[in-house]
Each structure stands twice: as structure tokens, then as C-alpha cells.
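The values are calculated or read from the model by the stated rules, or taken from the named source; none is laboratory data. Here the structure is a predicted model, which is why all the values come from computation and not from measurement. In this analysis, Cβ positions are derived from the backbone assuming ideal geometry, glycine residues included, and neighbour counts consider all displayed protein chains. For accessibility, only protein heavy atoms count, side chains too; no ligands or nucleic acids. Shrake-Rupley method; radii C 1.70, N 1.55, O 1.52, S 1.80 Å.
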Amino acid sequence: CRETKYVQHSSNIPAAVQKEEDYNWCRVQCDELPKGLTEEDRVKDVIATHEKPLTCGMNACCFLPYIVTKNANGDVIGKTQFVCDGCCFVPKYDIFEANGQKKYRLRPDTCVGGLCVRCRCGGAKGKCLRVPYVVRDPTTYEPLKGNDGQEDAQVTNLWAGFKNECCTQRDAFHLVFPDNATPEDKLVLTGSAILIDVLEVENQDNGGGD
């Protein structure tokens with residue numbers, strides 16, 4: 001499973017690289033950085049970096065995939081680790097604080113006695129068919145609430161629209177943070193969404209996730 005690094009900015013995507021973000025399915029970025037990205041754009045308004053080293057993929061229970069989140073100063077603030085256990089058909093992730101203490105468990109709801117992932121249907125637009133990864137207590141695995149208690153905290157890959165799904169590499173994610181999440185927790189959960197994207201979404205699209 002490939003090595004990758006994502007830099008998170010608080011500003012908009014630089015105009016020079018917006019077209020590169022829309023490259024279609026038959027093109028591959030071969031350079032380390034997108035074409036047109038200047039050094040000024042690269043370091044402007046950085047709030048976090050998310051770094052994933054070279055690991056095995058989801059199908060192996062050794063050298064498990066993980067992603068480390070660092071703040072703007074380069075200090076580690078958390079890590080998201082793929083979990084391998086007896087329920088191999090239900091992907092799950094543990095989220096750790098900088099000191100190594102487990103903060104959250106990220107896992108979809110299940111059915112068939114906990115053996116299968118439970119899909120959700122019937123939402124509007126991109127939520128018509130989805131698998132929410134619910135943010136849970138690390139000990140009891142009970143869902144944590146977000147959005148002022150109105151819904152479960154979650155990381156969910158949404159349908160990005162026919163054009164984006166078929167002709168570009170754009171993915172859409174819906175993040176609901178736990179009500180008591182700190183700014184650092186939110187950045188780490190953003191890294192969790194990136195790891196899910198690399199391992200599951202890009203892998204399904206044959207984009208090198210495994």
C-alpha cells in the first residue's frame with residue numbers, strides 16, 4: 001500500500017492546480033507535486049500534514065496501514081491505524097492521541113450478527129447509498145454524538161456525482177465530529193478520512209490503495 005503525504009491548508013485550492021485536481025481516470029500524476037504548484041502555495045496556510053508510510057494493504061494482518069497527523073509545526077498530534085481482527089469483513093480503525101492513548105474506534109454499523117457492514121439508503125443526493133464510519137467510544141464501541149447531539153459522529157464517503165465518479169479522481173466525504181472533539185481531534189479525524197480514501201476508495205478504483 002503506497003506511501004503518501006497530504007498537506008492540509010486553511011485556504012482554497014490554488015488556482016494554478018485546480019485543473020490538475022480534475023484529471024480524468026486515464027491520467028496518472030507522475031511527479032511528486034502537481035504541476036503549477038509554487039513553493040509559496042505549498043507552504044501557505046498549512047494547518048496539518050497527514051503522512052502514510054509504505055505498508056501492507058488491508059488484506060494482510062502484518063505491517064498494517066496507518067496514517068500520522070502532524071500540526072503546522074510538525075509535531076505529531078495523533079494517528080489512525082487499521083485494525084485486523086476476527087471480523088475481517090468489517091473494516092475498522094483505531095484513532096490514537098499523540099501520547100499513544102486510544103481516543104476513538106471508527107467502524108460502520110453491522111448486520112448478520114456483526115459479520116457484515118450495514119449500508120444506509122434513502123438520503124438526499126450524495127447520501128442515497130452510503131456506509132457511515134461511526135466514531136465510537138474506544139472501550140464500549142458505543143456511537144458518539146455530533147452536530148449538537150443531532151446525529152452520530154462519522155466519516156462517510158458520499159456519491160460525488162456521475163461526472164466526478166466516472167471522469168475524475170474527485171471524492172466527497174462527509175465528516176461529523178464528536179461534540180467534545182478538540183481542534184487536534186478534528187485534524188486527526190480528517191486524517192482518518194484520508195486513510196479510508198487511500199485504502200478503500202482508491203483501491204476500488206484501482207488507484208493504488210493496495
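Taken over the stretch 17-32, the criterion of being open to solvent by less than 80 Å² (accessible area, probe 1.4 Å) and either of a type in the set (Lys, Arg) or modelled with pLDDT of 65 or more (or both) is satisfied by Val17 alone.
When the test is whether a residue is surrounded by fewer than 18 Cβ atoms within 10 Å (Cβ to Cβ) and of a type in the set (A, V, I, L, M), Ala48 does not pass it. Within the option set Asp109, Asp75, being farther than 23 Å from Gln8 by Cα, out of contact with any Cys (no Cβ under 6 Å at 6 or more places or on another chain), surrounded by fewer than 19 Cβ atoms within 10 Å (Cβ to Cβ) and acidic (Asp, Glu) holds for one residue only, Asp109. Of the strands (runs of 3 or more DSSP E) lying entirely inside the stretch 126-203, the ones with 3 or more residues being under 13 Å from the mean Cα position of the chain (by Cα) and modelled with pLDDT under 95 are found at 154-158, 172-176.
Each residue in the stretch 61-86 was checked for being more than 15 Å from the chain's Cα centre (by Cα), assigned to a loop (DSSP other than H, G, I, E, B) and touching a residue at least 12 places away in the same chain (Cβ under 8 Å), and 6 of them qualify. Considering only residues of the stretch 87-106 that are out of contact with any Cys (no Cβ under 8 Å at 6 or more places or on another chain) and in a loop (DSSP other than H, G, I, E, B), which is nearest to Val7 (Cα to Cα)? So, considering only residues that are out of contact with any Cys (no Cβ under 8 Å at 6 or more places or on another chain) and in a loop (DSSP other than H, G, I, E, B), the one nearest to Val7 (Cα to Cα) is Ala98.
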